[in-house]
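The values are calculated or read from the model by the stated rules, or taken from the named source; none is laboratory data. These numbers come from a predicted model, not from an experiment. Cβ placement follows ideal geometry from the backbone for every residue including glycine, while neighbour counts extend to all protein chains displayed.
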Amino acid sequence: MDVPLLADPGSSVHEAYGLIKPYHFHNRDMYLPTTMLIDKKGTLRWLYIGKRNSDRPNLKLITEQLEKLNSE
C-alpha cells in the first residue's frame, strides 16, 4: 500500500488539528505519540494517541483502518 508519511517534529500538525496539549519534560514541550490518518482534503479520519511515550499502534491496526477508509 502506497501511503505518504509525515513526521511532525515541530508539532505543527498537532496544533493545526487541536489534538492535545503538550506536557513538559526536561524544559521541553513533549507530545504523546500520535498516529493520524488524514484524507486528501485534510480531514482527520482516524486518530490514535498513545497513553505513554512507547505506545504506538501496530501495523495491523493501521492497515485495518486504511482498508476500512478505502472501502468507504
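Taking segment 1-36 as the search range and keeping residues that are among the aromatic types (F, W, Y) and in a loop (DSSP other than H, G, I, E, B), which one is surrounded by the fewest Cβ atoms within 10 Å (Cβ to Cβ)? Explain how you work it out, then say what you get.
Of all residues in segment 1-36, those among the aromatic types (F, W, Y) come to 17, 23, 25, 31.
Then drop every residue that is not in a loop (DSSP other than H, G, I, E, B), which leaves 17, 31.
Values: Y17: 14, Y31: 18.
Here the residue is Y17.
Does any residue of segment 37-54 turn out to be part of a loop (DSSP other than H, G, I, E, B), surrounded by 10 or more Cβ atoms within 10 Å (Cβ to Cβ), aromatic (F, W, Y) and within 13 Å of the chain's Cα centre (by Cα)? Don't jump to the end; show me each part of the working.
If we filter segment 37-54 for residues that are part of a loop (DSSP other than H, G, I, E, B), which is where we start, we get 39-43, 50-54.
Now restrict to residues that are surrounded by 10 or more Cβ atoms within 10 Å (Cβ to Cβ): 39, 50, 53.
From what is left, the residues that are aromatic (F, W, Y) are none.
No - not one qualifying residue is present in segment 37-54.
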**Fill in**
Those residues of segment 57-67 that are part of a helix (DSSP H, G or I), free of Cβ contacts under 8 Å to residues at least 12 places away in the same chain and either touching a Gly at 6+ places or on another chain (Cβ under 8 Å) or not aliphatic (A, V, I, L, M) (or both) come to a total of 3
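Yes/no per residue for (1) closer than 20 Å to D55 by Cα; (2) in contact with a helix residue (DSSP H, G or I) (Cβ under 8 Å, 6 or more places away or on another chain); (3) modelled with pLDDT under 85:
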residue: D2; (1), (2), (3): no, no, yes
residue: G10; (1), (2), (3): yes, no, yes
residue: H14; (1), (2), (3): yes, no, yes
residue: Y17; (1), (2), (3): no, no, no
residue: H24; (1), (2), (3): yes, no, no
residue: M30; (1), (2), (3): yes, no, yes
residue: T34; (1), (2), (3): yes, yes, no
residue: K41; (1), (2), (3): no, no, no
**Asked** Out of all the residues in segment 1-11, which are under 12 Å from the mean Cα position of the chain (by Cα) and small (G, A, S)?
**Response** A7, S11
**Asked** Any residue at all in segment 33-41 that is under 28 Å from D2 (Cβ atoms), polar (S, T, N, Q), touching a Leu at 6+ places or on another chain (Cβ under 9 Å) and without any contact (Cβ under 8 Å) to a residue 60 or more places away in the chain?
**Response** yes
